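Engineer: Before anything else, here's the structure in question.
Every number here is computed from the coordinates shown, using simple stated rules; none is lab data. Everything numeric in this text was worked out from a predicted model, so none of it was measured. Backbone-built Cβ (ideal geometry, glycine too); neighbour counts: all protein chains shown.
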Amino acid sequence: MKAFVVRQPIFDQRQRVSGYQLCFRLPDESGFAYADDDFDAQSVISHSLHVFGFDELTQSKKAFINLTRSLLVQQSAMLLPPDKVVIEILDPVSSDDEILRSCQALKQGGYALALGSYALRPGHEQLINLANIIRVDFATESAEVRRAAALRFIPRRIQLLAEGLASHDEFKEAASLGYELFQGFFFCQPEVIAREDIAGNKVNYLRLMREINQPEVDFDRVEQIIKQDVALSVKLLRYINSAWFGLSNRVKSIRHALVLLGVNVVRQWALLVAVTGLGYDKPSELVTTSLVRANFCERLAPMIQMKGREPDLFLVGLFSALDALTGRPMDDLLAELAVPGEVRDALLGRPNRLNDVFCLVQAYERGDWKGVSSSARALPIEEDALPDVYEQSIAWANQVLSG
């Protein structure tokens, strides 16, 4: 039985990733089974320690892990390294002596504790006294409750985590109230406040993406774009001269590097570098998400009888957060980038085979297991093949970003 992991990023006020909430689900024969809370929490602990490893999943950021009442009482969290986790306590119904003793033991052991929105209701004051973080769900709590939470908890030096954020306006509201941590799908949505002119190296990145997406790539024009940007030139020469290629003589010419790599490799390299560059002043998780999606889509191609469509699937995943990266509408960007028609349709949400694959990838990363089952049946693909593909895509994206 394979474990299914979902990483949900948690940001700080500067929109840097502060940690990841981790959850696991196991499939049954008919699809994805939602295990009971105890089993799910045990899976988190076991697989974090023995299968995936904290560093690979969270890139040395904090892992936020839910614990049930029974596992709190059993002190199961003591198996986890206190410097790498935040223990999130599911709604305990009431803060009785048994729960309080367990939480006090965790605090003494150096663990940080997080409570859910239930802490905003009466009956949890003793538990609040032990809390480091309190979640406030912006999807369900009123503006009045969100403000009251800030007035009540911030003076007590308890961090507030705004979850369920769906827009940039909600993020701004939470930040203005003094919330320090943020979670939600707002970072994968367009952050259009006013149209943003893309200046400096971002112009070169867009020019490069447009050029390498032409049916016939003109290396003369690609070379000129790269030469005009120091960062692009350095990245290309570092890449071609890396140990990966094992060349006996160092390549010192942009043109020589392009010729050695060939059109297909240049296309993929240029897209990765350009998307990373566009995300320079945006949440880094946007770039990670784009890379994971691109690789995930690409790896699925031979498994769903789409061998040969890997480049198109890669583009769909890679460009899926381009609107959020640039602060511009997706249809405007795609018009500039000369992407294939089917890729454009998929990115704009129009039904086609590429969009079907992307819907599966989106459902998987959200932990929407019913959506995963539905998409997997439609493609079709075996669901138990997905965990390995997703894990490989995360590892690939981490390698690209660390290199």
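Engineer: Fewest Cβ neighbours within 10 Å first, please rank Tyr118, Tyr20 accordingly.
Structural biologist: Tyr118, Tyr20
Engineer: Let me ask you something else. For Arg152 and Asp356, what is the calculated FRET efficiency with R₀ set at 56 Å and r taken between the beta-carbons, to the nearest 0.05?
Structural biologist: Result of the calculation: an efficiency of 0.75.
Engineer: Something else: Starting from the Cα of Gln13, step 7 Å along the direction of its Cβ; do the same at Gln228; then give the gap between the two resulting points in nm.
Structural biologist: Spacing of the two 7 Å Cα→Cβ label points: 3.9 nm.
Engineer: Distance in nm between label sites at Asp218 and Lys307, each 7 Å beyond Cα in the beta-carbon direction?
Structural biologist: 3.6
Engineer: As a footprinting exposure proxy, order His124, His168, His256 by other Cβ within 10 Å, with the fewest listed first.
Structural biologist: The most exposed by this proxy come first: His256, His168, His124.
Engineer: Run the numbers for Arg255 and Ala139: contour at 0.36 nm per residue of separation, minus the present Cα-Cα distance, in nm.
Structural biologist: Separation in residues times 0.36 nm, less the Cα-Cα distance, equals 36.5 nm.
Engineer: Rank the residues Arg157, Arg299 as a footprinting-exposure proxy: fewest other Cβ atoms within 10 Å of their Cβ go first.
Structural biologist: Fewest-to-most Cβ neighbours within 10 Å comes out as Arg157, Arg299.
Engineer: What number, in percent, do you get for the relative contact order of the range 96-167 if the mean sequence gap of Cα pairs under 8 Å and at least 6 apart is divided by its residue count?
Structural biologist: Value for the range 96-167: 29 percent.
Engineer: Compute the distance in nm between two label points, each set 7 Å from the Cα along the Cα-to-Cβ direction, one at Gln392 and one at Asn241.
Structural biologist: 3.3
Engineer: Restricting to lysine pairs 8 or more places apart or on different chains, what number in the range 201-402 have Cα atoms under 18 Å apart?
Structural biologist: Summing the qualifying lysine pairs gives 6.
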